[in-house]
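Step one of this worksheet: look at the structure below.
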Amino acid sequence: MEQRDIVIVGGGPAGLAAAISAFEQGTTNICVLERDVQLGGILNQCIHNGFGLHTFKEELTGPEYALRYVKRAQELGIECRMGTMVLDVSPDRVVTAVNERQGVFSIQAGSVVLAMGCRERPRGALNIPGFRPAGVYTAGTAQRLVNIEGQMPGREVVILGSGDIGLIMARRMTLEGAHVACVAELMPYSGGLKRNIVQCLDDYGIPLLLSHTVTRVEGKRRVEAVWVAQVDESLRPIPGTERRYPCDTLLLSVGLLPENELSRGAGVELSPITRGPVVDEHLQTSVAGVFACGNVLHVHDLVDYVSQEAAAAGASAARYVQGSDDAREADKDVARIPVVAQDGVRYTVPSSISPDLMDDKLTVRFRVGNVYKDRFVSVYLGEERVSHRKKRVLAPGEMEEVVLKRADLCSRPGIDRIVVKLEEE
Amino acid sequence: MEAAYDVVVIGAGVSGCAVARELSRYDARVCVVEREEDVCCGTSKANSAIVHAGFDAQTGSLMAKLNVEGNELMWELAEDLDFKVRRCGSLVVCTDEQSRPGLDDLLARGKANGVPDLRIIERDELKEMEPNISDAAVCALWAPSAGIVDVFGLNIALAENAAQNGVEFVFNAEVSDVARQGDGTWLVKTSVRDLRTRCVVNAAGVYSDVIHNMVSDDKIQIIPRKGEYMLLDTTAGSHVSHTIFMLPTKMGKGILVSPTAHGNLLVGPTASDVEDPESTDTTVEGLAEVASKCALTVKDVPLREVITSFAGLRAHQPGHEFIIGEVEGAPGFVDCAAIESPGLTSCPAIGRMVADIVSSLLGLVDKPDGSWVAKRKGFVTLEGEPLDVWANLAKRDKAYGNVICRCRHVTEAQIVDAIHRPLGARSLDGVKRRVTAGMGRCQGGFCSPKVMEILERELGMEPEDVTKSGPGSELLVQEGGE
């Protein structure tokens with residue numbers, strides 16, 4: 001069987017950043033397996049700008065951002081197999097995949113980095129009543145049709161959900177000559193970035209209808225109209241508020257789900273909240289030697305954070321294969337402190353930390369469950385508050401982070417938990 | 001004018017295709033006309049996909065007889081035609097002691113109907129068989145002969161095999177009139193062309209009343225009965241391992257929870273009579289009913305794993321009985337009407353029964369020895385199969401190495417096969433029903449553009465002409481304006 005120090009599942013922004021980072025840490029026997037025919041993942045269809053402000057201090061389009069990583073991987077000579085679909089990752093890190101050139105093949109990996117990304121929640125997951133005609137697309141599918149295939153999915157559009165792809169596609173469809181009647185959002189707040197609401201809706205006069213949902217799809221063969229209604233506090237449509245929007249297209253941007261079928265097969269423990277793997281300070285999953293990063297771990301708002309996180313995962317994977325068996329065994333028994341998300345914080349990544357193994361500084365990422373104004377993000381080590389930072393606005397659409405210092409943890413032996421929470425004062 | 005056909009079958013659902021396949025044994029000119037672009041587009045595509053044991057129907061009814069016979073025939077048919085069935089057995093669950101007599105009645109009726117191996121099991125055994133059964137469950141009627149079937153696979157297999165054996169199919173052909181001619185033949189007018197035939201079989205599902213009433217003064221009435229369902233991801237597919245029915249009450253048969261032949265979990269259906277035979281839309285109330293009632297028999301149904309919901313229409317008639325036979329006053333016109341549940345289970349027996357009627361009416365003779373092909377090779381499935389099966393296929397044909405549908409592991413080779421079969425797929429739904437591309441948890445989000453491209457390439461279509469399910473369901477609009 002083919003042997004590799006590291007096999008990376010997915011050649012999108014996460015997989016590439018992980019590969020480059022691992023290589024730069026000195027582990028060069030790496031193979032990236034990518035199911036698409038080119039590297040870059042979903043960035044290839046994100047032709048709008050706004051990528052890379054943190055990483056490169058400039059505004060790039062999605063393909064431009066991806067290309068920087070693709071070029072770097074090529075410079076380093078990292079092997080990337082495209083058109084290759086991974087079918088199975090075993091708990092002992094045998095990665096089985098299929099492609100046209102090799103057929104079905106397996107690789108024994110020293111460590112595995114899961115970087116499969118996420119998928120869009122489909123219409124069916126929402127139980128929107130009505131017919132099931134042509135013309136109902138997830139925003140990402142429409143984005144692919146328009147930006148990659150050069151095709152037009154419709155002319156008169158209603159968008160349900162104000163996730164970032166939905167907002168971006170509101171603008172994109174408008175620029176392509178379609179009319180976007182409205183973006184309806186079930187929640188009283190948008191699930192997307194503020195800047196996208198301004199640049200993609202406000203600038204084009206597209207109304208954002210908060211606390212609204214689609215209650216019915218009309219049209220047996222092709223969408224003819226959708227009904228949009230206001231919802232009450234328990235998110236139920238309010239009778240009498242329905243309005244019919246004649247249209248030929250309904251785009252959905254109603255949530256992203258990490259694609260963890262392979263992780264599940266490998267026996268990786270998944271979080272019911274993120275639906276991604278439960279990981280430690282090294283982004284290692286519950287299966288030793290298997291790491292995760294990017295949207296397969298938890299859905300990110302900005303690719304810059306994906307790249308940072310993936311670089312950390314790649315470095316951890318390299319460290320894992322460079323270490324001795326004894327060291328790996330010893331790591332398993334090391335004391336861990338759980339990171340607890342409380343009071344508005346939905347989850348944290350990682351969800352446990354070993355002060356002995358962590359780097360000097362560790363970024364803990366999280367999302368909040370509602371829109372909060374003027375709250376403090378607090379970190380408690382045991383009972384003691386060690387960080388208290390005021391944020392003017394916190395919203396579910398934006399990822400937040402706190403940084404933990406190893407010195408702080410090591411100077412407080414015996415703490416039983418690390419709490420990240422929101423506080424009013 | 002001489003009739004071009006011996007038999008025209010109206011409707012390419014499971015009934016029409018089962019009849020056509022049985023008729024293909026004879027030396028006869030048979031044509032199936034279908035208003036949709038493909039087989040399996042009406043009642044046949046949206047139902048519970050259960051091979052019923054046969055204890056529901058009234059003893060002595062045609063439904064009871066054909067159900068039990070159909071169940072017996074289904075397994076051999078599946079071997080011959082290579083579609084998916086699984087004999088998982090069914091349980092009718094009784095959730096209060098007062099209702100137990102109802103279960104005893106079902107058992108007695110089942111025995112009278114000739115259903116094999118029926119027995120009532122008590123809570124402990126039930127709990128062992130179905131760990132997720134409701135805490136309220138008292139006992140259940142266990143019917144090991146029941147099963148689940150891939151309805152698309154069954155319908156397509158019947159049609160393909162019929163086509164292999166010379167049956168002609170005309171799609172997108174809506175029947176506007178059926179009239180007896182002076183010479184005793186029939187003229188079937190369709191939106192594609194008119195067909196002259198010696199015999200007509202009315203297998204028009206929810207429209208079988210309309211077709212029947214074109215030729216008979218003894219009118220029948222179909223009241224479409226809507227059933228709404230939710231389909232859950234394969235991750236929920238083993239939540240139960242048998243088909244779980246509620247004990248029928250005066251409120252109806254209730255909501256079932258069942259594994260499917262594709263490995264999903266199905267919950268539904270509702271039952272509400274509707275006027276419009278086109279109203280295959282789901283409703284707020286219907287889906288809410290499915291979501292709440294499934295909990296009556298099964299605990300913790302993971303409804304958040306739902307990937308799609310759909311509604312089907314049963315061809316219900318007030319007498320609740322199949323209408324099969326030559327119509328009085330219309331010699332050569334044979335009804336295969338009002339085929340509602342257990343119509344799917346019964347279809348192998350319905351096919352035989354109707355073909356017998358037609359062949360004796362027309363005096364048909366068998367095809368010459370050896371010229372009728374009984375077997376047909378099914379579509380390749382890779383999902384869930386041992387990987388060496390896939391490896392061997394990929395060695396022979398590299399298109400098996402190109403995964404198009406990532407959720408259900410469908411390769412380019414399988415999609416190309418689906419398109420180039422006899423009666424091949426012409427649309428996204430056609431591909432989906434044949435080889436499951438787009439049937440998975442992302443519901444075609446990733447693979448639709450790729451499948452569209454393959455359809456364009458293989459069929460020489462323009463992108464704008466690719467449809468979801470036939471004319472009117474085009475997926476794209478012309479670039480640059482109306």
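The table below lists the values:
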item: Over 19 Å between alpha carbons, listed pairs B:Lys226/B:Lys468; B:Lys45/B:Lys84; B:Lys65/B:Lys377; B:Lys45/B:Lys432; A:Lys332/A:Lys405; A:Lys220/B:Lys45; result: B:Lys226/B:Lys468; B:Lys65/B:Lys377; A:Lys332/A:Lys405
item: Neighbour-count ranking [beta-carbon atoms within 10 angstrom, fewest first] of A:Asp92, A:Asp326; result: A:Asp326, A:Asp92
item: For A:Val290, residues with placed amide H under 5 Å, excluding near neighbours; result: A:Val112, A:Thr285
item: Derived scalar couplings ³J(HN,Hα) [the stretch B:43-50; Karplus, 6.51 cos²θ - 1.76 cosθ + 1.60; whole Hz; x for Gly, Pro]; result: 4, 5, 8, 10, 8, 7, 6, 9
item: Only Lys, Arg (+1) and Asp, Glu (-1) charged, at Cβ; the protein assembly as shown dipole about Cα centre in debye; result: 940
item: Percentage relative contact order, chain B, counting C-alpha pairs under 8 Å, at least six apart; result: 20
item: Loop-located trypsin sites (Lys or Arg not before Pro) in the stretch B:371-416 whose Cβ has at most 13 other Cβ within 10 Å (DSSP); result: B:Lys375, B:Lys377
item: Helix-only [θ]222 nm of chain B, DSSP H runs n ≥ 4, -39500 (n - 2.57) each, per residue, nearest 500; result: -9000 deg cm²/dmol
item: Prolate/oblate/rounded label for chain A (Cα gyration tensor, a/c 1.5); result: oblate
item: Options A:Leu193, A:Leu209, A:Val136, ranked by Cα towards positive dipole end of the stretch A:122-254, top entry (Cβ charges); result: A:Val136
item: HN-Hα J in Hz across the stretch A:297-306 - Karplus 6.51, -1.76, 1.60, θ = phi - 60°, x for Gly and Pro; result: 8, 7, 6, 9, 9, 10, 5, 4, 6, 4
item: Placed amide H near A:Ala134: partners under 5 Å, 5+ positions off or other chain; result: A:Arg222, A:Val223
item: A:Leu270 long-range amide H proximity, modeled H, under 5 Å; result: A:Val278
item: B:Asn213 versus B:Glu385: modelled label distance in nm, points set 7 Å from Cα along the beta carbon direction; result: 4.8
item: Which of A:Tyr372, B:Val175, B:Ala162, positive extreme of dipole for the protein assembly as shown (C-beta unit charges); result: A:Tyr372
item: Rounded to 5, percent antiparallel among DSSP beta bridges of chain B; result: 75
item: Relative contact order (%) - criterion: Cα under 8 Å, at least six apart; region: the stretch A:154-257; result: 33
item: For the stretch B:1-66, size of Cβ-based charge dipole, Lys and Arg +1, Asp and Glu -1, in debye; result: 240
item: Residue-by-residue Karplus 3J(HN,Hα) for the stretch B:225-237, coefficients 6.51, -1.76, 1.60, Hz, glycine and proline x; result: 10, 7, x, 9, 9, 10, 10, 9, 4, 4, 4, 9, x
item: Estimated FRET transfer efficiency when R0 is 22 angstrom, pair A:Leu175-A:Val198 (beta carbons, to 0.05); result: 0.85
item: For chain A, calculated [θ]222 nm from helices alone, where every DSSP H run of n ≥ 4 adds -39500 (n - 2.57); result: -6000 deg cm²/dmol
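Where a number appears in this text, it was derived from the coordinates with a stated rule and is not lab data. Quick caveat, the model's predicted, so the values are computed rather than measured. Glycine gets a Cβ as well: all are built from the backbone with ideal geometry, and neighbour counts include every protein chain shown.
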